[in-house]
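Below is one structure, written out as structure tokens; comments come after it.
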Amino acid sequence: MAGPSIFSRIVAGEIPCHRIYETDHVLAFLDINPLAEGHALVIPKRPVERLDELTPDEAAELGRAVREVAVRVMRVVGAPAYNVLQNNGSLAGQEVPHVHFHIIPRREGDGLGYRWRPQKVAPEVLAALAARIAGT
Ligand code: 5GP
């Protein structure tokens, strides 16, 4: 569980944001330093650091909101594609310790990358790992 972050202060109305969507438990607003026009953040109002700390119901409501905000942003900015990005933990690039989904519209030649370096793994290694995860 996170302590109050900058996003809790936004939820509380203590600092301003450009609000684009809101429900009882979810808020969406424009990123202050956008990677593209329409770059939006969708957050739960409850101050939780990581996705896995949400209750299943909270995660479901957040997921519905991510879709809804993506529809609205894309309708307005008219980009042909978008990324949804969600970082958990500073090692994964999370800077604000409050769950947030980025919605990032993408255009031809926008210069934003996304490809990481994939590993080659033997099929039996994948099979063993899948069995362990599926069995939990
Ligand atoms: P992270 O790296 O944690 O996944 O992303 C944090 C995002 O929050 C960044 O894209 C950053 O620009 C955005 N951000 C940080 N502080 C504020 C703020 O006060 N207001 C808004 N609207 N966005 C913020």
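The values are calculated or read from the model by the stated rules, or taken from the named source; none is laboratory data. Please read these numbers as outputs of a predicted model, since none were measured by experiment. Every residue, glycine as well, gets a Cβ built from its backbone with ideal geometry; the counts of neighbours run over all protein chains shown. Note: accessible area is taken over every heavy atom of the protein model, side chains too, but ligands, DNA and RNA are not part of it. Shrake-Rupley method; radii C 1.70, N 1.55, O 1.52, S 1.80 Å.
One table, with the values for the structure above:
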read-out	value
Between 0 and 90°, nearest 10: helix 123-134 axis offset from the chain longest Cα axis	60 degrees
Cα radius of gyration and Dmax for the stretch 4-136 (Å)	16.9, 53
Euclidean distance between Cα centres, the stretch 93-108 to the stretch 1-62, Å	11 Å
Inter-label distance, nm, simple model (7 Å from Cα along the C-beta direction), Met74/Leu35	1.6 nm
Helix-only mean residue ellipticity at 222 nm for the chain, each DSSP H run of n ≥ 4 adding -39500 (n - 2.57), per residue, nearest 500	-9500 deg cm²/dmol
In order through the stretch 52-67: 3J(HN,Hα) via Karplus (6.51 cos²θ - 1.76 cosθ + 1.60), integer Hz, x for Gly, Pro	6, 8, 6, 6, x, 5, 5, 5, 5, 5, 5, x, 4, 5, 4, 4
Rough spin-label spacing in nm, given labels placed 7 Å along Cα→Cβ, for Arg67 and Asp110	2.2 nm
Virtual spin-label span in nm between His25 and Glu95, 7 Å along Cα→Cβ	2.9 nm
Kirkwood hydrodynamic radius of the stretch 60-136, from inverse mean 1/r over distinct Cα pairs, in Å	15.7 Å
Surface share of carbon and sulfur [accessible, 1.4 angstrom probe, percent] for the chain	56 percent
Length gained when the stretch Ala12-Arg132 is fully extended (0.36 nm per residue, less Cα-Cα span)	39.0 nm
The stretch 101-113 - phi-based ³J(HN,Hα) in whole Hz, Karplus 6.51/-1.76/1.60, Gly and Pro as x	9, 8, 10, 10, x, 10, 9, 3, x, 6, x, 7, x
Residues whose placed amide H lies under 5 Å from that of Asp31, excluding near-sequence neighbours	Ala40, Leu41
Dipole magnitude of the chain about its Cα centre (Cβ charges: Lys, Arg +1; Asp, Glu -1), debye to nearest 20	380 debye
Directionally averaged projected area (convex hull, Cα atoms, the stretch 12-56), nm²	3.9 nm²
Whole-number percent relative contact order across the chain, with pairs defined as alpha carbons under 8 Å at least 6 apart	25 percent
